[in-house]
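Enquirer: Can you keep this structure in mind? I'll have questions shortly.
The values are calculated or read from the model by the stated rules, or taken from the named source; none is laboratory data. All figures in this text were calculated on a predicted structure; none of them were measured in a lab. Every residue, glycine as well, gets a Cβ built from its backbone with ideal geometry; the counts of neighbours run over all protein chains shown. For accessibility, only protein heavy atoms count, side chains too; no ligands or nucleic acids. Shrake-Rupley method; radii C 1.70, N 1.55, O 1.52, S 1.80 Å.
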Amino acid sequence: MSKRAAPEPAHRFLFELPYGPEEVDGESWLSGRGRMELRVPLQRDGLGVDAVLSFDWVRAYKYTVEPLCLPFQSQAYNKLVEVENSIWISELIRDRRERNVAHLDLSHFLIYVAEEGCYEFAAETWQYQEQSHGH
């Protein structure tokens, strides 16, 4: 009896990063108190800018190194998507109920960062902003 491959998860496009991999000269992840940020230094009109994609109320996250990213993850190249009907989120919510933890209102966010891999977050919200740091 052969196993059928599980269907690829559906995802909903949320945001495309306004820079390409050629513009990135290193990025960093910062975390603390339920918040995670992808911070990328860029040049905009001769000024230094940090492009910041942040996730708030992060309850779990996963990282997959680039060579091991699955086809559905690769569809999030340079984009933020929300994985719909996420099995991972369902499992987190089920575990929360078993442990009598307060209500979770989580979404499954996914982004594929060029030459890095795929980052996934179980979080409540996200936002993007550019912060000038001047020269």
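Enquirer: Which residue fluctuates the most in the chain, going by a Gaussian network model with Cα springs under 10 Å, if the choices are Glu91, Glu120, Glu27?
Expert: Fluctuation is largest for Glu91.
Enquirer: Still on this structure, please answer the following. At 1.4 Å probe radius, can you tell me the per residue accessible area of the chain in Å²?
Expert: Numbers: 8560 Å² over 135 residues.
Ligands and nucleic acids excluded, the figure is 63 Å² per residue.
Enquirer: Further, regarding this structure: Tally Lys/Arg at +1 and Asp/Glu at -1 over every other residue whose Cβ is under 14 Å from the Cβ of Asp56; what's the total?
Expert: Details: positive: Arg33, Arg35, Arg59; negative: Glu37, Asp105, Glu124.
The answer is 0.
Enquirer: Separate question: With angles folded into 0 to 90 degrees, how steeply does helix 87-98 sit against the dominant principal axis of the chain? Use alpha carbons for both and round to 10.
Expert: 60
Enquirer: Could I ask something else about it? Quickly estimate the mean residue ellipticity at 222 nm for the chain, helices only: each DSSP H run with n ≥ 4 gives -39500 (n - 2.57), and the total goes over all residues, rounded to 500.
Expert: Numbers: 2 runs with 16 residues, N = 135.
The helix-only estimate for the chain comes to -3000 deg cm²/dmol at 222 nm.
Enquirer: Quick one: with all protein chains in place, what share of the accessible area of segment 8-126 is carbon or sulfur, to the nearest percent (1.4 Å probe)? Can you show the working numbers first?
Expert: Values: 3340 of 6770 Å².
Answer for segment 8-126: carbon and sulfur cover 49 percent of the accessible area.
Enquirer: Something else about it: Express in nm, to one decimal, how much length is gained between Arg96 and Arg33 on full extension, taking 0.36 nm for each residue of separation and deducting their alpha carbon distance.
Expert: The span from Arg96 to Arg33 would gain 20.8 nm if fully extended.
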